[in-house]
């Protein structure tokens, strides 16, 4: 697969099929990107399991934090990696030991590892690299457009309301 660009249908298919997400590199620090991505995904109804050995046994945003993927007590649909690209092969080794295998391996903005992607795809796992699920969700749902950002998606359809915090901008009576 070409990982230089992704079709909206591919990304939407992933985001619509995923229910459980393991976030490797989740942070308890509320100014870190992984913290607010975790918060956003929880608000959208995803079940997110933070993975951070230094925080294992503690809670981040009300979710128990685990030291490693194998410690999560239920099957995972997607593994979201908030770690440097050099950590990806080791994380993929952990992913490939899971039973059942996750459907998706997602690498955050700035994270790309083509060899690991090829290994994951050979195992039947979909791969997304150098993208953020929070940004992609906002773009595809039309939420980003509410703030004046050009999402590249034009539609006359009313936005579909989902659970969680949503902004309609400033309204005047």
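None of the figures in this text is laboratory data; all of them are computed from the coordinates on show. This structure is a prediction, so every number in the text was calculated from the model and none was measured. A quick note on method: Cβ atoms are made from the backbone with ideal geometry, for glycine too, and the neighbour counts reach across all protein chains shown.
Key figures for this structure:
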| quantity | calculated |
| --- | --- |
| Difference of contour (0.36 nm per residue) and Cα-Cα distance, residue 114 to residue 59 | 16.5 nm |
| Percent of Cα pairs exceeding the 16 Å cut-off, where the set is the range 1-49 | 50 percent |
| Cα→Cβ-extended label distance, 7 Å offset, between residue 130 and residue 7, nm | 2.0 nm |
| Most to least packed among 5-12, 28-35, 86-93 [average Cβ atoms within 10 Å] | 86-93, 28-35, 5-12 |
| Cα shape, the range 8-146, gyration tensor, a/c 1.5 rule | rounded |
| Between the range 1-31 and the range 44-89, the Cα center-to-center distance that results, in Å | 13 Å |
| Antiparallel DSSP beta bridges within the range 8-146, percent to nearest 5 | 10 percent |
